[in-house]
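In what follows, a single structure is set out as structure tokens and then discussed.
The values are calculated or read from the model by the stated rules, or taken from the named source; none is laboratory data. Being a predicted model, the structure only gives us computed values, none of them experimental. Here the Cβ is made from the backbone with ideal geometry for all residues, glycine too, and neighbour counts use every protein chain on show. All accessible areas refer to the heavy atoms of the entire protein, side chains included, with ligands and DNA or RNA removed. Shrake-Rupley method; radii C 1.70, N 1.55, O 1.52, S 1.80 Å.
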Amino acid sequence: MIKKSIAELDRELTAEEREEWQAIYASQKSMSVMTGEVSGVDVHEFKIVPKGKRKAVPQTIRCLIVIKYRVKIIIPETEVFAAETEGGHVLHSMCGANVPFVVTHIEREAGFAIASRKLALEKMQKLTDRREGLTGRTVAVDVVSVGRNVCTVNFGGYDVMLAQRDVSYSLVPDLRTKLKPGDRKRAVIKEFNPEEKILTLSIKETTPHPFDGIEMRHPLHSTRIAKIIGKYGGGVFCRLYDDITDVLCSYEAMQYDGDYRVGDTVEIVITKYNTDKKLVYGKVLRKMH
């Protein structure tokens, strides 16, 4: 079979396909950064030279897949993060994320290209490192992956892992109920040291602490309707119906913990504030029916 030249292949393209391939050619030639949404994860075989070896050996690698229109962009796991990650399961939690990448290899006739997110991050970081006065600023960050207790966001080429305490003042049992890959959120830059490649962010600090003004909104001895969102030794975490204020509640003397479940609506009374720790305490009065 006679292989067609790239020019011959391009003549057969629609206008939309030609535009897509031109962007891919440009990325490979000039190392320009493209972006696209992760549509899934595939497994592909590559020839890899192991550390300390000279000869390449076949190796099966998980890969992110981006398909902007018709062309399959393959990003091997080894080219996804600037630093090593804890496992391939992270790739699956990135589906839906909008990721930057640089095309490194094109298989034109087969209709796919290989790309590196790592190279794109390095280029973006160089631009970010030249910016001054970033500490303390509020910026837009892209949610890259979300797990139960942690998520990863990206700003300026830097992937930053955030714990639940960095995302919300309130207890969030599962971050996947609040965030998803592809979301864009506001975050405060707590620290930025380009020499040490240190960047710390906080999403929650873009909003006031729910404890601020608590005496006015929820004064001592007032009763409130709340929902049980969790349990701890001897009591329950209750969230008021403003959906931001959590109250650590104990039971009345004759109440039985087994009668109360997560998700129940209850009436509580506000009993105490801890100003130093910004905590609110209360007591469960009854279950609402």
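Details
- If the condition is being closer than 15 Å to Gly157 by Cβ, open to solvent by 30 Å² or more (accessible area, probe 1.4 Å) and not hydrophobic (A, V, I, L, M, F, W, C), then the range 124-141 contributes Lys126, Asp129, Arg130, Arg131.
- The set of residues in the range 216-239 being open to solvent by less than 50 Å² (accessible area, probe 1.4 Å) and touching a helix residue (DSSP H, G or I) at 6+ places or on another chain (Cβ under 9 Å) consists of Gly235, Val236.
- Positions within the range 231-245 being over 17 Å from Thr177 (Cα atoms) and among the acidic types (Asp, Glu), in sequence order: Asp242
- Condition met for Lys272 (in contact with a helix residue (DSSP H, G or I) (Cβ under 8 Å, 6 or more places away or on another chain), basic (Lys, Arg) and open to solvent by 30 Å² or more (accessible area, probe 1.4 Å)): no
- Contacts under 8 angstrom Cβ, first residue in the range 133-144 being at positive phi, partner open to solvent by less than 60 Å² (accessible area, probe 1.4 Å), 6 or more apart: Gly136/Val188; Gly136/Ile189
- Any hit, the range 55-78, residues being of a type in the set (A, V, I, L, M) and touching a residue at least 60 places away in the same chain (Cβ under 8 Å): no
- Tally, over the range 183-197, of residues that are open to solvent by 80 Å² or more (accessible area, probe 1.4 Å) and outside any strand (DSSP E or B): 3
- Of everything in the range 158-177 that is surrounded by 17 or more Cβ atoms within 10 Å (Cβ to Cβ) and among the charged types (D, E, K, R), the residue that is farthest from Val38 (Cα to Cα) is Asp166.
- Of the set (1) in contact (Cβ under 8 Å) with a residue 60 or more places away in the chain; (2) farther than 15 Å from Ala23 by Cα; (3) open to solvent by less than 50 Å² (accessible area, probe 1.4 Å), all apply to Leu121 but (1).
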